[in-house]
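Note sheet for the following structure.
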Amino acid sequence: LGLLGDLRRALDAGDVELHYQPKVGFDGRVRGLEALVRWVHPERGRVSPDEFIAIAESSGLMPHLTEYVLETALRQVAAWRGKGLMVPVAVNVSPRDVHTPGFAGSVAARLARHGVPPSALQLEITEHVLLEDPQRAADTLAGLTGHGVKMSLDDFGTGYSSLVHLRRLPVSELKIDRSFVARLAVDNEDAEIVRCTVDLAHSLGLLVVAEGVEDDETWERLRDLGCDAVQGWLVAAAMPPDETTAWLRLRG
Ligand code: G
Ligand code: G
Ligand code: MN
Ligand code: NA
């Protein structure tokens, strides 16, 4: 398929962009930014990340894409820090990355090269990291947290038997998937799921971020349920770097 070759060339040419979506606390303060890849294909226009990430995953290009994203995000974090904007950035990593030999060490080396403290980087993983080789994944994640990098468990609730995984994964944050958040204000069952998830996470000492918050009522319900932070269009969609800088200056 032509798309894979096009993606590879776009990465080599630096034509894949990162946009940044804020995570904010209920006091309105910025907790961090999530880096999200954006690719505008020269002929097809915008390609959805869901589409090209699946291609990268199945073709073996994923480690290269992740290196590109880490490199771009850390360069941006260093630039923001140079301007006094000390915001941590979260990068999504796929199960494949976590199983790449030397991944933890390469992340640590990259942080050092950019002069960015490990605490300014967060990695978002999903429960799928435990599917292939749980011990290997656990070792890599332990290596990363040992270097001071914070781990966040993304898409929580959409995977399989999540409770065992919560115990096995060295994460400090849990993100409630937007499929539970979307109808929180109108669906009692979703509200109960979110309530239980927040309580469970807190009893394990994890911070809870709700994704996909689009309206004030959902924001208020999440605040009342004791959620720690939110992400969603109500606050801001993912923004290009310059727009993010302006947003941080105004809101940070
Ligand atoms: O904004 P949104 O359409 O970007 O994201 C769609 C999906 O793509 C989400 O599941 C998101 O986690 C994933 N995604 C976005 N950016 C990256 C990235 O840099 N790496 C990986 N592995 N997934 C990403
Ligand atoms: O899987 P992950 O959580 O990394 O992906 C985030 C995805 O959710 C991206 O596609 C992003 O654009 C999308 N997104 C972010 N905020 C909102 C929101 O408030 N509503 C909806 N519907 N999608 C959102
Ligand atoms: Mn994510
Ligand atoms: Na998610």
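Note on Ala237 and Ser203: the extension gain reaches 9.2 nm, defined as 0.36 nm multiplied by sequence separation minus the Cα-Cα distance. Looking at the calculated P(r) for the stretch 6-50, what percent of the C-alpha pair distances fall above 15 Å? Counting every Cα pair in the stretch 6-50, those more than 15 Å apart make up 53 percent. Note on Arg81 and Ala246: the model spin-label points, each 7 Å out from Cα along the C-beta direction, lie 2.7 nm apart.
At an R0 of 35 angstrom, the distance between the Cβ atoms of His41 and Ala109 translates into a FRET efficiency of 0.65.
Scanning the chain for chymotrypsin sites (Phe, Trp or Tyr not before Pro) in DSSP loops with at most 16 other Cβ atoms within 10 Å, what's the longest stretch left with none? Present the calculation step by step, with values, prior to reporting the outcome.
Numbers: sites that count: Phe26, Tyr160, Trp233.
By the stated rule (loop sites, at most 16 other Cβ atoms within 10 Å), 27-159.
Our estimate of slack between Ser59 and Ala13, defined as 0.36 nm per intervening residue step minus the Cα-Cα distance, is 14.6 nm. Overall size of the stretch 2-251 from C-alpha positions, given as principal axis extents largest first: 47, 43, 37 Å. Fully extending the segment from Asp224 to Arg167, taken as 0.36 nm per residue of separation minus the present Cα-Cα distance, adds 17.9 nm.
Every number in this text was worked out from the coordinates using simple rules, so none of it is lab data. Bear in mind the structure is a predicted one, so any value in this text is a computation, not a measurement. Backbone-built Cβ (ideal geometry, glycine too); neighbour counts: all protein chains shown.
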